[in-house]
There are 2 protein chains.
Amino acid sequence: MAKVHNFSAGPCILPHEVLHKASQSVIELDGTGLSLIEMSHRSKEFVAIMERARELVKELLGVPDNYSVLFLQGGASLGFYMAAANFMKNEGGKAAYLDTGTWSTGAIKEAKLLGEVITLASGKDVNYTKIPKNYTVPSGMDYLHFTSNNTIFGTQFKSFPKSDAPLICDMSSDIFSKKINVADFDLIYAGAQKNMGPAGTTVYIVNRDKLGKTGRAIPSMLDLALQHEKESMYNTPPVFAIYVSMLTLEWLKSIGGISEIEKRNEAKAKLLYDEIDRNPLFKGTTAVEDRSLMNPTFVLTEESAGHEEKFDKMWKAAGVSGISGHRSVGGYRASMYNALPIESVKVLVDVMKELEKNA
Amino acid sequence: MAKVHNFSAGPCILPHEVLHKASQSVIELDGTGLSLIEMSHRSKEFVAIMERARELVKELLGVPDNYSVLFLQGGASLGFYMAAANFMKNEGGKAAYLDTGTWSTGAIKEAKLLGEVITLASGKDVNYTKIPKNYTVPSGMDYLHFTSNNTIFGTQFKSFPKSDAPLICDMSSDIFSKKINVADFDLIYAGAQKNMGPAGTTVYIVNRDKLGKTGRAIPSMLDLALQHEKESMYNTPPVFAIYVSMLTLEWLKSIGGISEIEKRNEAKAKLLYDEIDRNPLFKGTTAVEDRSLMNPTFVLTEESAGHEEKFDKMWKAAGVSGISGHRSVGGYRASMYNALPIESVKVLVDVMKELEKNA
């Protein structure tokens, strides 16, 4: 097939060997005579897959023993509600949020169904091009919630908020991309479809010691303590998405784990941002210090007015795919998740240089 | 690979051609140069897949125009809560339930979080071996809820309850197995992993005219009216599970649709139940009139005491897989979903005859 340089913002590129193995297992899983997707989730084969996926998360991120790793459904958007349902007190609940764009706003909307939300700081007045840095966390908060990386606006927290209250992070778009200290958080949740696997499962990494303290009756499927007790199998789990996540995490381990991928991600981001800054036809759209390593966003400068059509033709001709900006903001966004090779970034950068020559 | 006769209760057997096509698409979807699972859910390719899946449900089941078909996440267990959240009045909510076993009990548990539950009738005192038939639906109910087929106990409604209140059905394990009149229901929901596809998506077929009447603020991901408005894409949908469901529904249409599969399912069930009734070594575990066509359950009779080990060896040697009863009830359960060929049932029946000869 034609070589495609896949900069899709998610679902996104996965390692070639993962796709190959997943494809085989849809026909037959490891000599069992059965397809992965037509066997019981209680089979010893699938129970081992679930266990392996859990172990890999623990090993790759150094998850403390008193934390649980769960593979659930619903994406981060259901996570917005689940975070609040599991951490916001039932009576007089009050939580602090940092608003860094669309996903934070979504999280705030769901939390308001369950208690009082205090938005400590917001990047809204600068169209979310900066991560807010000056705020204090009031005492008496049930938790502090933030979004570590903002796929739409292309910003990313470079250091994490500190808080006496439990710290909750929607890490959907940069989990497994760089070293983190899990013990700094009480709940991390992330949709799989960036660095972990295909769409269809959501990982929860939760400090068990902080669960069961809200006085709230939580729907079974959304209850993290119950899902821990049932080992993520209160009901039939999303078998395929968990399996492919397990394969992707195996791949990550095989190439050297988080420290290696962090280096690769930094090198890819440097290559692209250096070109954005050097090339007079382009400029970045966010504060330099808050630039996302996962989702660089950029636009054509005034100098390159009228070149948009030409640029679009050129990158498409080079096999680049998925760099149109999010439908809500326009411009360009080159998402560079873990599985994207630096060679693809070089192809994009070459197209940018080529546009400059021909402009 | 070895021929396996897959009687798994779910996730369960899928058509061979579906597995083959799904396997290919994990490598590359229809000449796009991209894997199905690494492309944007907003791509024209995936939007067309979602639309096609929706159309097939409408066409196969004859869904009225004022109903929406949604592909969501969470399985029927999240559906238990969603049914109540979308239909139970916020103030003074009251709903009627029929209790026919584990899944009904689960649905009742979730509904109690949101209002009063009136259990009209229960099969509990006969260990759920019968479908309750004598009950009256009180007036003033927000809805009547039942489970059409009970996978664990092997019973199935042969005619559906009548009610002035909206009728809600968890149809996870027999949807698409036989003709139904969708207009008789206001909400049908069903986990995909029996007759529709792999685990990871749940179909909702809902009468739009009945939504938005509870006065309740519903979490976004659980709000059927919002999911309708967003065409099941409030967030990233479970791409693979929806795609494979679409393929499975295409297959169902290609073989002649619901009327053809209903005939096949009746023939398979007759073959196995006739043997259960004829063979002195076996007996069925449920009331004859309530026998499930999807999940026949049976045990060895006293006459065959001590033959269990022999029988287990024999069916395993014949390539039969997945007929051990649910861990909560024991015995045998031969699940015969749409994609199971009658040849597999013949193999099982032959083993039962063989046991009789050698006993």
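Every number in this text was worked out from the coordinates using simple rules, so none of it is lab data. For clarity, every value in this text was computed on a predicted model and none was experimentally measured. Every residue, glycine as well, gets a Cβ built from its backbone with ideal geometry; the counts of neighbours run over all protein chains shown.
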Output row for residue A:230: copy-to-copy label distances, label 7 Å along Cα→C-beta, ascending, in nanometres, one decimal, is 2.3
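Which links in B:162/B:283; B:124/B:283; A:44/A:210; A:124/A:357; B:178/B:313 stretch past 25 Å when you go from one Cα to the other? Provide the component values of the computation, followed by the final result.
Numbers: B:162/B:283 32 Å; B:124/B:283 21 Å; A:44/A:210 31 Å; A:124/A:357 37 Å; B:178/B:313 34 Å.
Going by Cα-Cα distance, B:162/B:283; A:44/A:210; A:124/A:357; B:178/B:313 fall outside the 25 Å limit.
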Non-local residues with an amide H under 5 Å from the amide H of residue B:94, with H modelled 1.01 Å from N and Pro and chain starts lacking one, are B:89, B:116, B:142
Simple spin-label estimate for residue B:347/residue A:226, 7 Å along Cα→Cβ, in nm, reads 3.8 nm
When chain A is treated as a Gaussian network with springs between alpha carbons less than 10 Å apart, the largest mean-square fluctuation among A:301, A:105, A:129 is found at A:301
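What net charge is computed for the residues neighbouring residue A:83, neighbours being all others with C-beta under 11 Å from the C-beta of residue A:83, Lys and Arg scored +1, Asp and Glu -1? Before the final figure, lay out the partial values.
Values: positive: none; negative: A:110, A:142, A:170, A:186.
That works out to -4.
When a/c reaches 1.5 or more, the comparison of a/b and b/c decides; with that in mind, is region A:16-254 rounded, prolate or oblate per its Cα gyration tensor?
On the way: a/c = 2.21, a/b = 1.61, b/c = 1.37.
Because a/c hits 1.5 or more and a/b exceeds b/c, region A:16-254 counts as prolate.
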So, in nm and shortest first, the distances from residue B:65 to its counterparts in the other copies, with label points 7 Å along Cα→Cβ, work out as 6.5
Highest GNM mean-square fluctuation among B:58, B:194, B:346, for chain B with Cα springs under 10 Å, belongs to B:346
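Full-extension gain between residue B:3 and residue B:309, please, as 0.36 nm times their residue separation minus the C-alpha to C-alpha distance. Each step should come with its number before you reach the end.
On the way: separation 306, 0.36 × 306 = 110.16 nm, distance 2.23 nm.
Fully extending the segment from residue B:3 to residue B:309 adds 107.9 nm.
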Per 5 angstrom bin, beginning at 0 and ending with the bin that holds the maximum distance, the Cα pairs of region A:1-87 fall in percents of 3, 10, 13, 17, 20, 18, 13, 6, 1, 0
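So what's the back-of-envelope 222 nm ellipticity for the protein assembly as shown, counting only DSSP H runs of four-plus at -39500 (n - 2.57) apiece and dividing by all residues, rounded to 500? The partial results should precede the final answer.
Numbers: 18 runs with 248 residues, N = 718.
Estimated from H runs of four or more residues: -11000 deg cm²/dmol.
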Contact order relative to length for chain B, counting C-alpha pairs under 8 Å separated by 6 or more residues, stands in percent at 23 percent
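Count the net charge of all other residues whose Cβ sits under 11 Å from the Cβ of residue A:116, scoring Lys and Arg as +1 and Asp and Glu as -1. All intermediate terms of the calculation are to be shown ahead of the outcome.
Details: positive: A:89, A:94, A:112; negative: A:142.
The answer is +2.
Across the residues of A:193-201, average count of Cβ atoms on other protein chains within 10 Å?
Values: counts 8, 1, 0, 0, 1, 11, 14, 13, 3.
Across the residues of A:193-201, the mean count of other-chain Cβ atoms within 10 Å is 6.
Suppose we take every Cα in region A:185-298 and form the convex hull; what volume per residue is that in Å³? Mind showing how you got there, number by number?
Working: hull volume 18.0 nm³, N = 114.
Roughly 158 Å³ of hull volume per residue.
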Around residue A:260 (Cβ within 12 Å, Cβ-to-Cβ, excluding residue A:260; K/R +1, D/E -1) the net charge comes to +3
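Output the Kirkwood hydrodynamic radius of region B:177-243, Cα pairs only, in Å rounded to one decimal. Write down the numbers at each step before the final one.
Values: mean 1/r = 0.0744 Å⁻¹.
That comes to 13.4 Å for region B:177-243.
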Taking every alpha carbon pair in the protein assembly as shown and sorting the distances into 20 angstrom bins from 0 up to the bin holding the longest one, the percent per bin comes out as 17, 49, 28, 5, 0
Pseudo-spin-label distance residue B:274 to residue B:259, built 7 Å along Cα→Cβ, given in nm, is 2.4 nm
Quick calc: nm separation of the 7 Å Cα→Cβ label points for residue A:283 and residue A:317 -> 2.8 nm
Partner shielding of B:238-245, as the mean number of partner chain Cβ atoms within 10 Å, equals 6
Note on region A:258-358: the mean projected area of its alpha-carbon convex hull, in nm², is 6.5 nm²
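Indicate, rounded to the nearest 5 percent, the antiparallel portion of the DSSP beta bridges found entirely in the protein assembly as shown. Write out the running numbers ahead of the final one.
Numbers: 40 of 74 bridges.
Taking every DSSP beta bridge with both residues in the protein assembly as shown, the antiparallel ones total about 55 percent.
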With Cα springs under 10 Å, the Gaussian network model of chain A assigns the largest mean-square fluctuation among A:345, A:69, A:126 to A:126
Ranking A:101, A:273, A:300 by how far each Cα lies towards the positive end of the charge dipole of chain A (+1 on Lys and Arg Cβ, -1 on Asp and Glu Cβ), the top one is A:300
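Among rounded, prolate and oblate, which fits region A:1-146 when a ≥ b ≥ c are the square roots of the eigenvalues of its C-alpha gyration tensor, a/c under 1.5 means rounded, and a/b larger than b/c means prolate? Each step should come with its number before you reach the end.
Numbers: a/c = 2.77, a/b = 1.73, b/c = 1.60.
The shape class here is prolate.
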Taking every residue of A:11-20, the Cβ atoms of other protein chains inside 10 Å of its Cβ average out to 4
Between the alpha carbon centres of region B:301-347 and region B:19-57 the gap in Å comes to 36 Å
homo-copy label distances at residue B:138 (7 angstrom along Cα-Cβ), nm, one dp, ascending, are 4.4
Region A:76-108 and region A:214-289 have their Cα centres apart by a whole-number Å value of 19 Å
